[in-house]
Amino acid sequence: MQKSAPFTEITRTVALSAETHGQRAKCVQRLIRLDMPVPHTVALSFETVRAIAAGQMFDMSALLSSFGADPLVSVRPSPELQEWGGPSTVLDIGMNDAMLLSLSETIGSEAARAIYLRFIQSFAVEVARLDPEFFGPTEPTRDALTEALAAYEDEMEEPFPQSPADQLAAVLKSMARAWEGTSARLLRQAKGAPVEAGLGLVVQRMALGLGAPESGSGVIQFVSSETGHPQITGRYLSQSQGRDALARRKEAMYLSRDHRGHSLEEACPEAFAELQSLSDILRNGLREEMQIEFTLDTGRLSVLDAVKVPRSSRAAVRIAVALAESGVISKEDALLRIEPRALPELLHRQVALDAARDVIAKGMAASPGAATGQLVFSAPAAQACEAQEVPCILVRTETSPEDIRGMHAAVGVLTERGGMTSHAAVIARGLGKPCVVGTRDITLDAKEKKLTSADGRVFAEGDTVTLDGTAGTCLAGAPRLMEPSLDGSFRTLMAWADQARDIGIRANADTPADAEVARRFDAEGIGLCRTEHMFFDEDRLTVMHEMIFADTAEARGAALERLLPMQREDFVHLFEIMRGKPVTIRLFDPPLHEFLPTSRDGIWNLAEALDLPVSTVTQRIDALSEYNPMLGMRGVRLGIAIPEIYAMQARAIFEATADVSLKGAIITPEIMLPLVSARREVELIKSNIDAVAAAVRTERGTRFGYRLGVMVETPRAALKAGEIAEIADFLSFGTNDLTQMTYGLSRDDAGRFMGTYVQQGVFSEDPFHTLDADGVGELLNLAAGRGRSVRSDLTLSICGEHGGDPDSIDFCRKAGFNYVSCSPFRVPVARMAAAHLALTEVPAEKKPRRFNILGRVLRSGG
Ligand code: PEP
Ligand code: MG
């Protein structure tokens, strides 16, 4: 049962907060405090709206009488954060036959009919949920009005409600219920709203916008939504209400005379000047760039509502930085206004301008960026691809909530149906993935897993395509993609983030190209270089094969001798690109059989290349095969069983160190051992590496040091972290393998049932995506504690996929880790997330923070 008064008249002083009445109600109060000409407004709290949704309607008469005699009112949604959306606004409540007569006298019969007709249409569609086809916009003739009333009566089997109290009650109930609906809930949760998010409602006396000149309505903002740069933007439409000026842009006029065509500045210079004068007051008073909805009634200005200027991510960054640089908000505020997970939209790759474009489908550009992947036609297929780390483009007729996990798994989404606000479009934008919708020129056969382009070409599951979410096209093949360019505001904001954060951010970079991206995103170093990725080039693979097939230590040595200069060049490049920043190189990790062919053709080619009988090659491959390769001879085990491999890698690292040091840079390479489970493994490898270092120092006549680290990827390494830390400079948690081994769950096979497991609540999240803080996290804490107890200066970090996830960064910060390392494109997100965490941390004695589902702290009100 509701305890407080069901509604609050908004005045300068009444107690009101975004947490109880929503952001819109709070904003109206701020407008009133800034002496804006706001019509009388009343706010309904979350509690009231919840009660209404549960069927407890309060008496409308007190509410209506606060507006004086015979008012027309509007109702707008007021969620805690504007971004969470809400049901559509309803205008002109209170309009009925009697009001038609009285308004006809004051504003003329046509204007009065237009208002009545509009109200019937929106009541029928938004409240009575009748088919919009019967209630489309028409000229406000007497006949149209009679027809609309008759259509309503026909469909509802009762006359159109005449009582303003009944009308208002019905509107409030329908908006309260709409907020509780499943799709509204899913949509707002995708935008970060918590499960229990409430809705407030704002009831306001209508400023009519119809009547004697100059009457009308419009929307104005003072910056561009696209770029965030200063620019008067908006539209005004004579004899209109609400946001008609935007909906009917063709009839509407521009605001300033800078544009061709008639403008409000010319039509009504006083009103334009008054609006213009609001710019600084609004910006300084509301500490935001606002878009305001206004009306003119016979030239008199009313400000009805203000919402944050809708903005692209690029504009959001520009606006936040400009507000901070002009002293309106603090740098900290500017940082907290940029959701870390929104940054990827700014950072996405695009199809290179000069790339050949073989367009196979055209649609709407629903979410920007470009991605290349294999075609898949179902969400489970997308999840299966993701489990195998194969990028995929999910193609559906349209998407529904069941597809959400598949959309998470895919690198891009294409739908045959849908528009800019369709499920696929909204979700993909939220996820920052390229998305193209409404590609009607293709024929989709999801059963046969086929897509036929307009020119008749057939593309099957597994074919490679590129989705260009910026242009709204799907291209055959893999055209060259262009890395994003980052402007000054972005760099400024990221520099502020770096000042605010208190945990290091490095990048996982395996190649010079990755390292370039890492540098561009200002990673503080490379936290993981998976060296095996350097051996997959065609020329190196052949030498790898020779090494694997070598019968004697000499033959193996000869092959490794050929690999040495190639590896040395790799490391020279990495050191040069990173210019003195730390580079952590992980020695060879995968089982050798991963380098061997599996197909008959591949085996035959290999036999030919090595000049060996096919049977010898087959036998060798059989001999290398293991029942559980991920638990077999890989990582440090390989380094101990075939010490020449690590010796070659160590030599390449040290020779590169010596080479680059000659050019003046001081390099202390970090060498990391994978899949350790016992201290003795580290001792053995360490003495080998020490010997190589000593040899290179003597040969080159140079001095250099190195740091030895251990990847904690097995539960035993975590348990024995104390012993291991005695002989290691750093521990880096490989949470991909550690999650796999803690759960006893193959990271390559988990995709098959992960969906079911998460759906049935066995796991709250996929632990390969979100660090399992309870289980794997306990091992991390335990190992960190044991390691630091023997060595207080032990460097701790995480380099599994979790390193770029804000929740995992939160965990690592709290556990006292020195840095996280994540894929290069996630570096800005991680830097920003780390800044947010540092800025929003409250001392332990204060009350606990409230988090939304993205792990972000909810803003406090006031
Ligand atoms: C890990 O296991 O977390 C890790 C970083 O190594 P990889 O993913 O290469 O096994
Ligand atoms: Mg690993």
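The values are calculated or read from the model by the stated rules, or taken from the named source; none is laboratory data. What you are looking at is a predicted structure, and each value in this text was computed from that prediction instead of being measured. Here Cβ is always computed from backbone atoms with ideal geometry, including for glycine, and neighbour counts include all displayed protein chains.
Residue pairs whose Cβ atoms lie under 9 Å apart, separated by 6 or more positions or on different chains, with the first residue in the range 528-553 and in contact (Cβ under 8 Å) with a residue 60 or more places away in the chain and among the aromatic types (Phe, Trp, Tyr) and the second within 16 Å of ligand 2 (Cβ to nearest atom) and not in a helix (DSSP H, G or I), are PHE535/PHE588. Where helices (runs of 4 or more DSSP H) sit wholly within the range 594-709, those with at least 2 residues that are small (Gly, Ala, Ser) and free of Cβ contacts under 8 Å to residues at least 12 places away in the same chain occupy 600-610, 614-624, 679-700. Regarding GLY192, is this residue assigned to a loop (DSSP other than H, G, I, E, B), surrounded by 23 or more Cβ atoms within 10 Å (Cβ to Cβ) and modelled with pLDDT under 95? Considered against the rule, which asks whether it is assigned to a loop (DSSP other than H, G, I, E, B), surrounded by 23 or more Cβ atoms within 10 Å (Cβ to Cβ) and modelled with pLDDT under 95, GLY192 comes out as no. When you check ASN628 against the structure, is it within 16 Å of ligand 1 (Cβ to nearest atom), assigned by TED's automatic domain parsing to the domain that holds ARG562 and not acidic (Asp, Glu), yes or no? It is true that ASN628 is within 16 Å of ligand 1 (Cβ to nearest atom), assigned by TED's automatic domain parsing to the domain that holds ARG562 and not acidic (Asp, Glu).
Residue-wise test of (1) surrounded by fewer than 21 Cβ atoms within 10 Å (Cβ to Cβ); (2) basic (Lys, Arg); (3) part of a strand (DSSP E or B).
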{"residue": "GLU214", "(1), (2), (3)": "yes, no, no"}
{"residue": "VAL219", "(1), (2), (3)": "no, no, yes"}
{"residue": "PHE222", "(1), (2), (3)": "no, no, yes"}
{"residue": "GLY228", "(1), (2), (3)": "no, no, no"}
{"residue": "GLY234", "(1), (2), (3)": "no, no, yes"}
{"residue": "SER240", "(1), (2), (3)": "no, no, no"}
{"residue": "ARG249", "(1), (2), (3)": "yes, yes, no"}
{"residue": "ARG260", "(1), (2), (3)": "yes, yes, no"}
{"residue": "GLU266", "(1), (2), (3)": "yes, no, no"}
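Taken over the range 599-636, the criterion of being away from ligand 2 (no atom under 16 Å from the Cβ) and either within 30 Å of GLY734 (Cα to Cα) or among the aromatic types (Phe, Trp, Tyr) (or both) is satisfied by TRP604, ILE621, ASP622, ALA623, LEU624, SER625, GLU626, TYR627. Restricting to the range 817-839, and then to whatever is surrounded by fewer than 24 Cβ atoms within 10 Å (Cβ to Cβ) and modelled with pLDDT of 95 or more, can you tell me which residue is nearest to THR735 (Cα to Cα)? Checked the range 817-839; the qualifying residue nearest to THR735 (Cα to Cα) is PHE817. For the structure I just gave you, tell me whether ARG651 is surrounded by 17 or more Cβ atoms within 10 Å (Cβ to Cβ), of a type outside the set (Gly, Ala, Ser) and closer than 22 Å to HIS533 by Cβ. So ARG651 fits the description; yes. Can you confirm whether GLU765 is in the same structural domain as VAL829 (by TED's automatic domain parsing), within 15 Å of ligand 1 (Cβ to nearest atom) and at pLDDT below 95? No; evaluated as a whole, the condition is false for this residue.
Scanning the range 488-525 for residues that are within 21 Å of ILE809 (Cβ to Cβ), touching a helix residue (DSSP H, G or I) at 6+ places or on another chain (Cβ under 6 Å) and within 16 Å of ligand 1 (Cβ to nearest atom) turns up ILE505, ALA507, ALA509, ASP514, ALA518, ALA523.
Scanning the range 743-751 finds one or more residues that are assigned to a helix (DSSP H, G or I), over 28 Å from PRO643 (Cα atoms) and within 16 Å of ligand 2 (Cβ to nearest atom).
Yes/no matrix, rows are residues, columns are (1) assigned by TED's automatic domain parsing to the domain that holds GLY456; (2) of a type in the set (A, V, I, L, M); (3) under 30 Å from SER764 (Cβ atoms); (4) in contact with a Pro (Cβ under 7 Å, 6 or more places away or on another chain):
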{"site": "LEU336", "(1), (2), (3), (4)": "no, yes, yes, no"}
{"site": "ALA355", "(1), (2), (3), (4)": "yes, yes, no, yes"}
{"site": "LYS362", "(1), (2), (3), (4)": "yes, no, no, no"}
{"site": "ALA365", "(1), (2), (3), (4)": "yes, yes, no, no"}
{"site": "PRO368", "(1), (2), (3), (4)": "yes, no, no, yes"}
{"site": "GLU389", "(1), (2), (3), (4)": "yes, no, yes, no"}
{"site": "ARG405", "(1), (2), (3), (4)": "yes, no, yes, no"}
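Do we have ARG314 as among the basic types (Lys, Arg) and at pLDDT below 85 here? In short, yes. Return the residue satisfying two criteria in turn: it lies in the range 770-792 and is more than 14 Å from ALA721 (Cα to Cα) and not in a helix (DSSP H, G or I), and of such residues it is modelled with the lowest pLDDT. Per the stated criteria, the residue is THR770. Condition check for VAL758 on (1) part of a helix (DSSP H, G or I); (2) within 16 Å of ligand 2 (Cβ to nearest atom); (3) within 30 Å of ASP403 (Cβ to Cβ): one failure, at (2). Across the range 674-717, the qualifying residues are those that are surrounded by 15 or more Cβ atoms within 10 Å (Cβ to Cβ), under 43 Å from the mean Cα position of the chain (by Cα) and among the basic types (Lys, Arg), and the one among them that is nearest to PHE654 (Cα to Cα) is ARG707.
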